[in-house]
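**Student:** Structure in structure tokens, see below.
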Amino acid sequence: AVSEQTTRSYRPGEWYGVLGDRTVLLLPPEERSRAAARWALVDAGTPADDLVDALISGGLAALPAVVLATTADDGATRLHV
């Protein structure tokens, strides 16, 4: 079997990044607790729709900004906005 390796890089900044095998979730600095609370979901490979539901569980207006990107089985990367 061929092992697939993912390489990631970052630039220091204020936003929080939660990285999973196929998911990248970015939240602004004031959302530290929300980022920490979603870490287990991202790590578990939770589907994007379920992550969005969890992110807006406190109300959409309560979430100032978010970036959610996922990679599908076919290799396509999708942004969920």
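Yes or no, residue by residue, for (1) part of a loop (DSSP other than H, G, I, E, B); (2) in contact (Cβ under 8 Å) with a residue 40 or more places away in the chain; (3) touching a strand residue (DSSP E or B) at 6+ places or on another chain (Cβ under 8 Å):
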{"residue": "S9", "(1), (2), (3)": "yes, no, no"}
{"residue": "P12", "(1), (2), (3)": "yes, no, no"}
{"residue": "V18", "(1), (2), (3)": "no, no, yes"}
{"residue": "E31", "(1), (2), (3)": "no, no, yes"}
{"residue": "R38", "(1), (2), (3)": "no, no, yes"}
{"residue": "L41", "(1), (2), (3)": "no, no, no"}
{"residue": "L51", "(1), (2), (3)": "no, no, yes"}
{"residue": "A54", "(1), (2), (3)": "no, no, no"}
{"residue": "A61", "(1), (2), (3)": "no, no, no"}
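**Student:** Quick check on region 41-59: of everything there that is modelled with pLDDT under 90 and β-branched (V, I, T), which residue is surrounded by the fewest Cβ atoms within 10 Å (Cβ to Cβ)?
**Tutor:** Ranking the candidates gives I56 first.
**Student:** Among what's in region 1-40 and is open to solvent by 100 Å² or more (accessible area, probe 1.4 Å) and of a type in the set (S, T, Y), pick the residue that is modelled with the lowest pLDDT. Step through it out loud before you land on a result.
**Tutor:** Narrowing region 1-40 to residues open to solvent by 100 Å² or more (accessible area, probe 1.4 Å): 1-5, 7-12, 14-15, 21-22, 30, 32, 39.
From the residues that got through so far, the ones that are of a type in the set (S, T, Y) too are 3, 7, 9-10.
Numbers: S3: 49, T7: 75, S9: 78, Y10: 78.
My answer is S3.
**Student:** Take the residues in region 61-81 that are surrounded by 10 or more Cβ atoms within 10 Å (Cβ to Cβ) and farther than 15 Å from T23 by Cβ, then tell me which one is nearest to the chain's Cα centre (by Cα).
**Tutor:** So, considering only residues that are surrounded by 10 or more Cβ atoms within 10 Å (Cβ to Cβ) and farther than 15 Å from T23 by Cβ, the one nearest to the chain's Cα centre (by Cα) is A65.
The values are calculated or read from the model by the stated rules, or taken from the named source; none is laboratory data. Computed from a predicted structure; not experimentally measured. Neighbour counts are summed over all protein chains in view; Cβ atoms, including those assigned to glycine, are modelled from backbone coordinates with ideal geometry. In case anyone asks, the SASA skips ligands and DNA or RNA and just uses the protein heavy atoms, side chains included. Shrake-Rupley method; radii C 1.70, N 1.55, O 1.52, S 1.80 Å.
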